[in-house]
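Each remark here refers to the structure printed beneath this line.
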């Protein structure tokens, strides 16, 4: 299993977290904590203060040029991004390019960090899960829910 699959398993654990059964709940929480710690370690290099500052500056530029509702709030796309209308794209790109030029080293460091992060995601996961015996599975668990946490079921 690859490190990138941890995110999907964690989503699966969140989906089954409300199912009944003390032993099952214990196994879900134990695995969720293990995975959360591993994800945090994986993301350490891309969640720096410098990265957060860059992202905030980028967001401000996008917010300045994006479509807004009647009260002036950005209207997100279905994917949650900013929608920049055609008439503002060139201005937006100019400001983004200026930001990138002013912070060239930071953007290069960001690019390197994201490249390394993606390489880490493609590596084999070395995490030792707390395997959930089939006998712990609640009766009302669905096949779709089992599929999401299949890797940690014994």
Worksheet, complete the sentence: Per the Kirkwood formula over distinct C-alpha pairs, the hydrodynamic radius of region 65-154 in angstrom is 18.4 Å
Worksheet item: Hey, quick one: spin label on residue 96, modelled 7 Å out along Cα-Cβ, who in region 62-77 has an amide N within reach, i.e. under 19 Å?
Response: 62-68, 74-77
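Based on the Cβ-Cβ distance from residue 1 to residue 69, what FRET efficiency comes out when R0 is 30 Å, to the nearest 0.05? Can you show the working numbers first?
Numbers: r = 43 Å, r/R0 = 1.42.
After rounding, the FRET efficiency stands at 0.10.
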Worksheet entry | Residue-averaged [θ]222 nm for the chain, counting only DSSP H segments that reach four residues, each worth -39500 (n - 2.57) | -20000 deg cm²/dmol
Discussion item. Using only Cα atoms and rounding to the nearest 10 degrees, what angle (0 to 90) does helix 22-43 make with the longest principal axis of the chain?
Written reply: 30 degrees
Item to complete: Using only Cα atoms, tell me the angle between helix 86-102 and the longest principal axis of the chain; keep it within 0 to 90° and round to the nearest 10.
Response: 80 degrees
Discussion item. Over all directions, the average projected area of the alpha-carbon convex hull for region 39-100 comes to how many nm²?
Written reply: 5.6 nm²
Worksheet entry | P(r), alpha carbons of region 5-152 - 5 Å bins starting at zero, rounded % | 1, 8, 13, 13, 12, 12, 11, 11, 9, 6, 3, 1, 0
Practice prompt. Using label points projected 7 Å from each Cα along Cα→Cβ, tell me how many nm separate residue 103 and residue 23, to one decimal.
Written response: 5.2 nm
Discussion item. What is the angle, in °, between the Cα long axis of helix 49-65 and the longest principal axis of the Cα atoms in the chain? Nearest 10 is fine, range 0 to 90.
Written reply: 60 degrees
Worksheet, complete the sentence: Expressed as a whole-number percentage, the relative contact order of the chain with C-alpha contacts under 8 angstrom and at least six residues apart is 41 percent
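Every number here is computed from the coordinates shown, using simple stated rules; none is lab data. Please read these numbers as outputs of a predicted model, since none were measured by experiment. Every residue, glycine among them, receives a Cβ derived from its backbone with ideal geometry; neighbour counts consider all protein chains shown.
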